[in-house]
Amino acid sequence: MENITLIWYFGNNRSMLVSNCLFRMGGAAILLSNKSRDRRRAKYQLVHTVRTHKGADDKSYGCVFQEDDDTKRIGVLLSKDLMAVAGEALKTNITTLGLLVLPMSEQLLFFATLVARKIFKMKMKIKPYIPDFKLAFEHFCIHAGGRAVLDELEKNLDLSDWHMEPSRMTLYRFGNTSSSSLWYELAYTEAKGRIKKGDRTWQIAFGSGFKCNSAVWKALKTINPAKEKNPWIDEIHEFPFSCA
């Protein structure tokens with residue numbers, strides 16, 4: 001959850017006031033088990049987790065930072081380096097994840113492009129190759145940190161409106177609830193009846209530190225929305241809602 005009561009800022013520093021506008025309250029609870037006998041009851045299997053932490057870099061460490069302003073009021077400072085730092089963390093994270101989930105053909109294309117750009121110094125002639133993660137995942141739950149974040153990931157990962165729908169609708173209805181937004185997004189996908197047995201879902205989120213984390217889930221059963229209880233069920237027929 002995002003506990004805004006602990007970081008609410010009462011001062012006048014604009015860089016600190018931004019966080020008052022961004023975050024909302026949210027929460028989620030997930031029951032995990034490593035016992036084989038629980039497999040028949042489980043919805044998903046956790047296949048991979050990839051954690052990227054850039055705290056050793058000063059810009060990354062300081063881009064989201066709680067500190068006192070000039071009047072000794074505590075607030076969270078969001079620096080102008082945030083988007084650039086997030087991009088670097090994302091690049092590192094998906095490069096590591098790609099080796100675990102992408103088909104060999106996509107890995108070879110990525111590696112060949114990397115070699116050409118770095119070893120043969122052909123950066124000006126060859127664009128970086130962005131692997132097609134739609135070959136590895138059926139569903140995407142992207143941290144609903146803001147419209148700009150979702151727009152950038154949609155473009156860079158070449159995702160469709162359908163892939164982005166859970167993230168955009170979560171941002172529209174609940175705002176940025178930090179880590180819990182990923183579970184609202186998965187609940188949206190379930191409420192729409194999209195989760196089929198064997199489907200793979202990629203959850204990816206960002207946070208201070210700076211960090212970027214991924215989790216890959218495989219559906220162990222087809223999810224029947226009629227048997228689900230989540231925040232979307234009573235209103236799912238009203239979505240997607242145009243929030244252009």
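The values are calculated or read from the model by the stated rules, or taken from the named source; none is laboratory data. Just so you know, these numbers come straight off a predicted model, no measurement behind them. Every residue, glycine among them, receives a Cβ derived from its backbone with ideal geometry; neighbour counts consider all protein chains shown. Keep in mind that these areas ignore ligands, DNA and RNA; they rest on the heavy atoms of the full protein, side chains included. Shrake-Rupley method; radii C 1.70, N 1.55, O 1.52, S 1.80 Å.
The single condition among (1) within 19 Å of the chain's Cα centre (by Cα); (2) free of Cβ contacts under 8 Å to residues at least 60 places away in the same chain that residue 30 does not satisfy is (2). The number of residues in region 144-157 that are in contact with a helix residue (DSSP H, G or I) (Cβ under 6 Å, 6 or more places away or on another chain) and under 18 Å from residue 173 (Cβ atoms) comes to 2. With respect to (1) touching a Gly at 6+ places or on another chain (Cβ under 9 Å); (2) closer than 20 Å to residue 240 by Cα; (3) open to solvent by 30 Å² or more (accessible area, probe 1.4 Å), the lone exception for residue 175 is condition (3). The set of residues in region 200-227 being more than 11 Å from residue 46 (Cα to Cα) and of a type in the set (A, V, I, L, M, F, W, C) consists of 204, 205, 206, 210, 212, 223, 226. Quick check on region 181-191: of everything there that is within 20 Å of residue 148 (Cβ to Cβ) and not acidic (Asp, Glu), which residue is farthest from the chain's Cα centre (by Cα)? Among those residues, the one meeting the criterion is 184. For region 169-204, give me each residue that is touching a helix residue (DSSP H, G or I) at 6+ places or on another chain (Cβ under 6 Å), within 30 Å of residue 67 (Cα to Cα) and small (Gly, Ala, Ser). Residue satisfying the conditions is 181 alone.
Among the residues of region 194-227, how many are open to solvent by 30 Å² or more (accessible area, probe 1.4 Å) and of a type in the set (A, V, I, L, M, F, W, C)? Of the residues in region 194-227, 3 are open to solvent by 30 Å² or more (accessible area, probe 1.4 Å) and of a type in the set (A, V, I, L, M, F, W, C). Here the condition is being in contact with a Pro (Cβ under 7 Å, 6 or more places away or on another chain) and hydroxyl-bearing (Ser, Thr, Tyr); of 189, 95, 177, 170, it holds for 189 alone. Within region 54-77, which residues are in contact (Cβ under 8 Å) with a residue 40 or more places away in the chain and either touching a Leu at 6+ places or on another chain (Cβ under 8 Å) or of a type in the set (Ser, Thr, Tyr) (or both)? Of everything in region 54-77, those that are in contact (Cβ under 8 Å) with a residue 40 or more places away in the chain and either touching a Leu at 6+ places or on another chain (Cβ under 8 Å) or of a type in the set (Ser, Thr, Tyr) (or both) turn out to be 60, 61, 63, 64, 65, 66, 71, 75. Sub-7 Å Cβ pairs linking a first residue in region 93-106 that is of a type in the set (D, E, K, R) to a second residue that is assigned to a helix (DSSP H, G or I), at least 6 apart or interchain, are 106/135, ordered by first then second residue. Of all the listed residues (14, 51, 41, 37), the sole one being of a type outside the set (Asp, Glu), open to solvent by 100 Å² or more (accessible area, probe 1.4 Å) and touching a residue at least 60 places away in the same chain (Cβ under 8 Å) is 51.
Residue count for region 18-34 satisfying the condition of being surrounded by 15 or more Cβ atoms within 10 Å (Cβ to Cβ) and of a type in the set (A, V, I, L, M, F, W, C): 4.
Kindly establish whether residue 159 is touching a Ser or Thr at 6+ places or on another chain (Cβ under 9 Å) and aliphatic (A, V, I, L, M). Considered against the rule, which asks whether it is touching a Ser or Thr at 6+ places or on another chain (Cβ under 9 Å) and aliphatic (A, V, I, L, M), residue 159 comes out as no.
Of everything in region 81-103 that is open to solvent by 60 Å² or more (accessible area, probe 1.4 Å) and in contact with a strand residue (DSSP E or B) (Cβ under 7 Å, 6 or more places away or on another chain), the residue that is nearest to residue 53 (Cα to Cα) is 96.
Residue-by-condition table, conditions (1) surrounded by 13 or more Cβ atoms within 10 Å (Cβ to Cβ); (2) in contact with a Phe, Trp or Tyr (Cβ under 7 Å, 6 or more places away or on another chain); (3) of a type in the set (Asp, Glu):
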| site | (1), (2), (3) |
| --- | --- |
| 73 | yes, yes, no |
| 79 | yes, no, no |
| 110 | yes, yes, no |
| 115 | no, no, no |
| 132 | yes, no, yes |
| 136 | yes, no, no |
